[in-house]
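J.: Can you keep this structure in mind? I'll have questions shortly.
The values are calculated or read from the model by the stated rules, or taken from the named source; none is laboratory data. All values derive from a computational prediction rather than experimental measurement. So basically every Cβ, Gly included, is an ideal-geometry build from the backbone, and we count neighbours across all protein chains shown. The protein model used for the area step is the full one, side chains on, heavy atoms only, and it has no ligands, DNA or RNA in it. Shrake-Rupley method; radii C 1.70, N 1.55, O 1.52, S 1.80 Å.
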Amino acid sequence: MIRVLLADDQALIRAGFSALLNAEDDIEVVAEAANGEQAVALALEHRPDVALVDVQMPVMDGIEATRRIAADERLNDVHVVILTNYGLDQYVFDALRAGAGGFLVKDTEPADLLQGVRIAARGDALLSPSITRRLISEYVAHRPEPSPAGLEVLTNREREVTALVARGMSNDEIAARMVISPTTAKTHVSRAMTKLHARDRAQLVVLAYETGLVTPRSR
């Protein structure tokens, strides 16, 4: 059973998402929060698999709530998904840097929301990958020159795998590209995440862009 925390200051949004998620046999909404502070407290209390967190909330916004959840070792297994009204929201990149595993637009199709929650629970892929990569490309392109600091801990194989993850490839696609088994690809990804202290694949993508391993033009 996938346990979900909903955090949105609009009761109607929470009610709609809750009804949709609870109608599924494998998903259960275990708590609802009206602001970021409540979201952090409820995450600690319920330890959900997925936290759907709105960006703009009173008391504490979704970015700060995400940062606090990601920084708490007790919540390492909580995958934060940012909810936004726009696919290229200016806050989403900061949310990814803060520790979010991806994002969904609020007007997404119900089937896409359910799929997104299941993907997030597995922690093995970004949500809305094409939009996320475009967003990261746009904002990293306007940031200072990237620094390769940290990449020296990776082997050449791990660098290659990290670059492919940043391009939105799944483990199976990476395996096919590199002519290795999916298990080996997954191992390389896991090792790269461990060495770079990346919380999940989303963080690995951000680091790949920030260090210059992948650039908007190289995609």
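J.: For segment 40-96, which positions are in contact (Cβ under 8 Å) with a residue 40 or more places away in the chain, within 22 Å of D26 (Cβ to Cβ) and of a type in the set (G, A, S)?
T.: Passing the criteria: only A51.
J.: Could you go through segment 21-34 and let me know if any residue there is assigned to a helix (DSSP H, G or I), of a type in the set (D, E), touching a helix residue (DSSP H, G or I) at 6+ places or on another chain (Cβ under 8 Å) and at pLDDT 90 or above.
T.: no
J.: Is it true that A208 is touching an Asp or Glu at 6+ places or on another chain (Cβ under 9 Å), surrounded by 19 or more Cβ atoms within 10 Å (Cβ to Cβ) and either of a type in the set (A, V, I, L, M) or at pLDDT below 80 (or both)?
T.: When the stated conditions are applied, A208 does not pass them.
J.: Just to be sure before I move on: is L52 assigned to a strand (DSSP E or B) and modelled with pLDDT of 95 or more in the structure I sent?
T.: Yes.
J.: State which residue is modelled with the highest pLDDT when the search covers only segment 156-179 and only residues that are in contact with a helix residue (DSSP H, G or I) (Cβ under 8 Å, 6 or more places away or on another chain) and assigned to a loop (DSSP other than H, G, I, E, B).
T.: The qualifying residue modelled with the highest pLDDT is M169.
Residues checked against (1) touching a Cys at 6+ places or on another chain (Cβ under 7 Å); (2) of a type in the set (A, V, I, L, M, F, W, C); (3) crowded, with 17+ Cβ neighbours inside 10 Å:
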{"site": "A11", "(1), (2), (3)": "no, yes, no"}
{"site": "M57", "(1), (2), (3)": "no, yes, yes"}
{"site": "D77", "(1), (2), (3)": "no, no, no"}
{"site": "T84", "(1), (2), (3)": "no, no, yes"}
{"site": "V92", "(1), (2), (3)": "no, yes, yes"}
{"site": "G99", "(1), (2), (3)": "no, no, yes"}
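J.: Let me confirm something: among R167, R201, which residue is within 24 Å of V92 (Cα to Cα), among the basic types (K, R) and open to solvent by less than 30 Å² (accessible area, probe 1.4 Å)?
T.: After ruling out the rest, the residue left standing is R201.
J.: Could you please tell me which pairs satisfy a Cβ distance under 9 Å, a separation of 6+ or placement on different chains, a first residue in segment 155-169 that is touching a residue at least 24 places away in the same chain (Cβ under 8 Å), and a second residue that is open to solvent by 60 Å² or more (accessible area, probe 1.4 Å) and polar (S, T, N, Q)?
T.: G168/S130
J.: Sticking with this one: Here's a check for you: in segment 17-46, which residue that is open to solvent by 40 Å² or more (accessible area, probe 1.4 Å) and small (G, A, S) is farthest from M60 (Cα to Cα)?
T.: Taking the candidates together, the pick is A23.
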